[in-house]
Amino acid sequence: MNYEEKEIKERFGQVNPFRVPDGYFDQLTERVMSQLPEREQTAENVSLSSSRPKSRLVALRPWMYAAACTVAAVFMGVALYFHQTKEDQTLANANVNASVNASATNTESQYIDEYADYAMLDNAEIYAYLADNDF
């Protein structure tokens, strides 16, 4: 509550100066209806939406909605297809990189095995050399 509201309440109090006469709302609707002019409802006053001709734009509106939905669905399908294709290419590149790394590891171990065969070393001698050198 701000200063102005406090000042008004101190000066005038909490009493509401406006009063409604007793029974005012009891017969309000009857009084309002009695003051309205009487009109008979004729066929001219009643207008049905089917009696007047539709414009071309209003008649084509459902077809335009269907066309817009179709265009949106096609656009989303094409976007999803190209996004999926890009992910597939990324996965294919990752698989190629993984296979290249695996083949490089296989080739490296193949060279080590060939060197061990050339040097006529068996596993026991390799372990002995490694133990002596303490890497």
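Structure summary
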quantity: Spacing of the two label points (7 Å from each Cα toward its C-beta) at Arg31 and Arg19, in nm; calculated: 1.6 nm
quantity: Using θ = phi - 60° and Karplus 6.51 cos²θ - 1.76 cosθ + 1.60, couplings along segment 63-77 (whole Hz; Gly, Pro as x); calculated: 5, 5, 4, 5, 5, 5, 5, 5, 4, 5, 5, 5, 4, 5, x
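Only the coordinates and a few stated rules stand behind these numbers; no lab work does. These numbers were taken from a predicted model, which means no experiment stands behind them. Here Cβ is always computed from backbone atoms with ideal geometry, including for glycine, and neighbour counts include all displayed protein chains.
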